[in-house]
Amino acid sequence: MALRGCLRFGRGLLLRAAGLRGPPARGCVAGGRPPAFGFLFDVDGVLVRGSQAVPAARQAFQRLADSSGRFRVPVVFLTNAGNCLRSAKARELSQALGLQVSPEQVILSHSPLRLFSQFHHKCMLVAGQGPVEENAQNLGFKHVVTIEALRKAYPLLDMVDQSRRPKELPPPTTGFPTIEGVILFGEPVRWETSLQLIIDVLLSNGNPGAELQDIPYPHLPVLACNMDLLWMAEAKMPRFGHGTYLLCLENIYKKVTGRELKYEALIGKPSTVTYRYAEYLIKQQAEKQGWKSPIRRLYAVGDNPMSDVYGANLYNNYLKSAHQNQVQAGVKRSLQAASPQTEDHLELWKDCSNSVESCESILVCTGVYRHNTDVPSKTEECMAETVFHGHRDFCFDPSLVEASHIVQDVNDAVQLAFTKENWS
């Protein structure tokens, strides 16, 4: 049954920022002090729409960089895209924004998988599109099998498209490795093929050519990246995202087996581990620039209340709990809400000190979320009721989809943060 709840943006602030003076000269920082804050920028719907840059994006990054194009504050691009390489996404952003973006500033939905070393030496089936095999190898996975390789090894499994059915009965497959887990990088091109073959792998315990015996449960580990139900491209309405594909897979598995599909990990926004990884990269940037002041505050800018705002607010709750020394009571519960993996899988938690105190969510109106053109006279008019678009394994909490601030676009978001930080 669809969950329903109230999205309230009474605390939201809708800004139309006036123009500022240009950025300072090379090497200068505001007031001669290093930054104590950093930015986490979503990409689709915030900086670009499909292949087109959002007009306000270049204005925003003129504020964020000095005259030589060097960032004045630490910046991470936090996207749920996953069907590309970090280096390719960095090149796209560099072209769209008019300044150099390094791959180390980019977090794709699957980037935290490098932390899951317990799976790196297992034979993993990888699904999605684009360079999925190369992505898996870059993340540390040593033995990967693609959906296409599995389909060719077992040609009788993929039967929906009649034109791809074998004309003759193929010989039995021999020597194909037993699959030990599944990685879902993003939505595939042929959904019916991936859905069928993944279900076959789960029902057969990694040997899809075998006859069906007792259905194993728990099933093989499944690692899923990107839970966005919808995302914004050039079209006027949002497009299906990987969350829609996961919804199909979950429901098919439950209909066939009568049991819930379980995830070993759900990563990408709004998972807490993804924001923890982003904090780690923000601190690495600050150290590389020689900024001695610790990073205290993060500003997460996005267009999707169910991933960007939810994730930032969930991480803000984690930070508050950590600073109140409630790791066992509060943080563990937040982590379990974010993804099924346990803390002892994540070396990052012990490698990253807790200097960051807050993560404020800033919602823009250039993507999935749309606001009226002006601030209503009464905050009650900001309230809306919506179907919960978050993932099945995330409890719906209306407070987590309430943005700290609502602004028109990313340029206004940067201006807002600069004003709060007294940063000229």
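The values are calculated or read from the model by the stated rules, or taken from the named source; none is laboratory data. What you see is a predicted model; the values in this text were computed from it and never measured. Every residue, glycine as well, gets a Cβ built from its backbone with ideal geometry; the counts of neighbours run over all protein chains shown. Note: accessible area is taken over every heavy atom of the protein model, side chains too, but ligands, DNA and RNA are not part of it. Shrake-Rupley method; radii C 1.70, N 1.55, O 1.52, S 1.80 Å.
Of (1) open to solvent by less than 10 Å² (accessible area, probe 1.4 Å); (2) more than 18 Å from Q415 (Cβ to Cβ), P103 satisfies all except one. Which?
(1)
Limited to the range 57-74, what total is found for residues that are closer than 13 Å to Q105 by Cβ and among the hydroxyl-bearing types (S, T, Y)?
Count: 0.
Do we find that E287 is under 30 Å from L220 (Cα atoms) and charged (D, E, K, R) in this structure?
no
Identify all residues within the range 77-107 that are free of Cβ contacts under 8 Å to residues at least 40 places away in the same chain, closer than 22 Å to D228 by Cα and touching a Gly at 6+ places or on another chain (Cβ under 9 Å); write none if there are none.
T79, A88, listed by residue number.
Which condition does T174 not pass, out of (1) open to solvent by 60 Å² or more (accessible area, probe 1.4 Å); (2) in a helix (DSSP H, G or I), if it passes all the others?
Only one criterion in (1) open to solvent by 60 Å² or more (accessible area, probe 1.4 Å); (2) in a helix (DSSP H, G or I) is unmet by T174, namely (2).
Here's the yes/no breakdown for (1) among the small types (G, A, S); (2) in contact with a helix residue (DSSP H, G or I) (Cβ under 8 Å, 6 or more places away or on another chain); (3) at pLDDT 90 or above:
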site	(1), (2), (3)
G50	yes, no, no
Q59	no, yes, yes
Q62	no, no, yes
S87	yes, yes, yes
S94	yes, no, yes
V101	no, yes, yes
S117	yes, no, yes
K122	no, no, yes
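Please determine, by comparing only the residues of the range 182-204 that are outside any helix (DSSP H, G or I) and more than 15 Å from E264 (Cβ to Cβ), which one is most open to solvent (accessible area, probe 1.4 Å).
So the residue we want is V189.
Among the residues of the range 215-230, write down those that are farther than 18 Å from V132 by Cα and aliphatic (A, V, I, L, M).
Hits for the range 215-230 are I215, L220, L229, L230.
Based on what the data block shows, is Y217 over 15 Å from V126 (Cα atoms) and not hydrophobic (A, V, I, L, M, F, W, C)?
yes
In the range 80-125, how many are touching a Lys or Arg at 6+ places or on another chain (Cβ under 7 Å) and part of a loop (DSSP other than H, G, I, E, B)?
The total comes to 6.
Matching residues to (1) open to solvent by less than 20 Å² (accessible area, probe 1.4 Å); (2) farther than 17 Å from F39 by Cβ; (3) at pLDDT 60 or above; (4) more than 16 Å from the chain's Cα centre (by Cα):
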position: K320; (1), (2), (3), (4): no, yes, yes, yes
position: H345; (1), (2), (3), (4): no, yes, no, yes
position: K350; (1), (2), (3), (4): no, yes, no, yes
position: V407; (1), (2), (3), (4): yes, no, yes, yes
position: N422; (1), (2), (3), (4): no, no, yes, yes
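Please work out if S68 is without any contact (Cβ under 8 Å) to a residue 24 or more places away in the chain and either within 19 Å of the chain's Cα centre (by Cα) or not in a strand (DSSP E or B) (or both).
For S68, the condition - without any contact (Cβ under 8 Å) to a residue 24 or more places away in the chain and either within 19 Å of the chain's Cα centre (by Cα) or not in a strand (DSSP E or B) (or both) - is not met.
May I ask you to verify whether E250 is out of contact with any Cys (no Cβ under 7 Å at 6 or more places or on another chain), open to solvent by less than 70 Å² (accessible area, probe 1.4 Å) and closer than 22 Å to L157 by Cβ?
Yes.
Give the number of residues within the range 205-234 that are open to solvent by 40 Å² or more (accessible area, probe 1.4 Å) and farther than 19 Å from L247 by Cβ.
Summing the residues that are open to solvent by 40 Å² or more (accessible area, probe 1.4 Å) and farther than 19 Å from L247 by Cβ in the range 205-234 gives 12.
Given the options A286, A233, name the one that is closer than 22 Å to N135 by Cβ, small (G, A, S) and in contact (Cβ under 8 Å) with a residue 40 or more places away in the chain.
Just a single option satisfies the conditions, and that option is A233.
Residues of the range 264-311 being assigned to a loop (DSSP other than H, G, I, E, B), at negative phi and open to solvent by less than 30 Å² (accessible area, probe 1.4 Å), which ones?
Listed by number, the residues that qualify are K269, P270, S271, I295, D303, N304.
How many residues, within the range 143-165, are in contact (Cβ under 8 Å) with a residue 12 or more places away in the chain and exposed (fewer than 12 other Cβ atoms within 10 Å of the Cβ)?
Of the residues in that region, 1 qualify.
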